[in-house]
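These notes are about the structure you will find just below.
No lab work stands behind these numbers, since they all come straight from the coordinates. Because the structure is predicted, anything quoted here is derived from the model rather than measured. All Cβ positions, glycine included, derive from the backbone under ideal geometry; neighbour counts span all protein chains shown.
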Amino acid sequence: MRGRLKIYLGYAAGVGKTYQMLEEAQEMKRQGRDVVIGYFEPHGRKDTIGRTDGLEFIPRRRVEYRGTVFEDMDTDAILKRRPQVCMVDEFPHSNIPGSEREKRWQDVQVLLDAGIDVLTTMNIQHLESLNDQVWRITGVRVRETIPDWVMQQADQVVMVDLTPRALLNRLARGVVYPPEKALEALKNFFQESTLVALRELALRQTAHEVEIRQVDYNSPGFQAVPADGDVTDEPPRSQERILIVVTADPSTAMLIRRGKRVADYLHADCFAVAVRTNWDRLEAASGERDAVERHLNFARNLHIEARLLGGHDVAKTVVEFARLNGVTQLFLARLSTGRWPAFGGRNLVQQVVRLARDMQVIIVADRSKQQAH
């Protein structure tokens, strides 16, 4: 049996995610369950550290990288110990280069596959599909992200909430960070307007996670029985099908996140396609081929079906693929003048809009050069 995953979700450091996780771990221990701490990041918070009393710690592994020794979670040691439940703080963490797996969430997948239940923590700004929105809110491009499908596989997502005013009060009292670091945080990330916006994102995401887990009106787990009698836990797919047009332009990453997020909300199938036209004649230095491949791989990592199509007419190839696959919504990026190739006096967006009259065409603005706020 695969282990169960429970995520404690917050919108900023200091709201109490780790504390709540430790509270549940202590309750599990009182009930007689075998609970261990696989990774714990105390950040010097005395109340949180106090909640670890009596819990078994799995020693961290020490890894040398560029002359410095780092400590990280020892997944192999946890597997060897084989507890019933393992606590893993900071779910989105990037492992030290050279580790067997790149991300901590991938280590957690290994624990779950071994039948170990996992409690873990993360903030909303680390969810991949919200990366662009978080950048516009905070001015910070978050590099450590988790694909949305990983969160969707969690058995429970619990939001640990605290009002921004209360969080700022905790920060001022030195509960979250030491005084010098707290002062710097107040000047930057911990502005009240920023915290309010992030909290709203977290509340919306939590509501969405609750919705997708309660497809059958509060049933413990939705079960669909197809004609062949096999039972599946997957929610029913909608009639909507989404197609994302992939190009070499950097805004494509933003477009993929937006399209995937809409597809998840609609429970819709999602495709990403690029059209190969004159690649053989492109100079290697242009990097266009590499950029397209990188974007297609990014889509695949988000569990989007990505394909590279051949054709001389990009718009016609895209629309024909869309019709053959029953696409109802087609996502394109609206780029600045001159960045889409023009054919017959029309750029690609105009051509697609003209050809795809039987489907909804969503043109997403390119905000990559706008001032973050």
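Using the count of nearby Cβ atoms within 10 Å as a rough guide to exposure, how do V364, V85 rank from fewest to most?
Exposure proxy ranking, most exposed first: V364, V85.
Rounded to whole Å and sorted largest first, list the principal axis extents of the Cα atoms in the chain.
So the three principal-axis extents are 72, 57, 42 Å.
How big is segment 72-118 by the Kirkwood estimate over distinct Cα pairs, in Å?
10.8
Once every DSSP H run of n ≥ 4 in the chain is given -39500 (n - 2.57) and the sum is divided by its residues, what mean residue ellipticity at 222 nm do you get, rounded to the nearest 500 deg cm²/dmol?
-11000 deg cm²/dmol
Pick from L308, L168, L198: which residue has the top mean-square fluctuation in a GNM of the chain where Cα pairs under 10 Å get a spring?
L308
Using the Cα gyration tensor of segment 78-154, with a ≥ b ≥ c the square roots of its eigenvalues, what is the shape: rounded (a/c below 1.5), prolate (a/b larger than b/c) or oblate (neither)?
Since a/c reaches 1.5 and a/b is larger than b/c, the shape of segment 78-154 is classed as prolate.
Please grab the % of Cα pairs in segment 17-107 that end up more than 16 Å from each other.
56
Against the longest alpha carbon principal axis of the chain, how many degrees, from 0 to 90 and to the nearest 10, is the axis of helix 104-113 turned?
Orientation of helix 104-113: about 80 degrees from the principal axis.
By how many degrees, between 0 and 90 and to the nearest 10, does the Cα long axis of helix 17-30 differ from the longest principal axis of the chain?
Around 50 degrees separate the two axes.
Name the long-range amide H neighbours of L309: under 5 Å, sequence gap of 5 or more, or other chain; modelled H, no Pro or chain starts.
Distant-sequence amide H within range of L309: A274, V275, R276.
Quote to one decimal, in nm, the extra length available between A114 and L324 on full extension: 0.36 nm per residue of separation minus the C-alpha distance between them.
Value of the extension gain: 71.5 nm.
Given labels modelled 7 Å from the Cα in the Cβ direction, how far is it in nm from A77 to A207?
Each label point lies 7 Å from its Cα, and together they span 4.3 nm.
Test of understanding: in a Gaussian network model of the chain with alpha carbons linked when under 10 Å, which of M73, M359, M122 would top the mean-square fluctuation ranking?
Answer for the Gaussian network model of the chain: M359.
Based on the alpha-carbon gyration tensor of segment 5-213 and its eigenvalue square roots a ≥ b ≥ c, which shape applies: rounded if a/c is under 1.5, prolate if not and a/b is larger than b/c, or oblate?
The shape class here is rounded.
Among the listed pairs K46/K187; K46/K181; K6/K260; K103/K187, give every one whose C-alpha distance is greater than 20 Å.
Those over the limit are K46/K187; K6/K260; K103/K187.
Could you list R307, R141, R170 in order of exposure, starting from the residue whose Cβ has the fewest other Cβ atoms within 10 Å?
R141, R307, R170
What do you get for the angle between helix 192-213 and the principal long axis of the chain? Use alpha-carbon atoms, 0 to 90 degrees, nearest ten.
80
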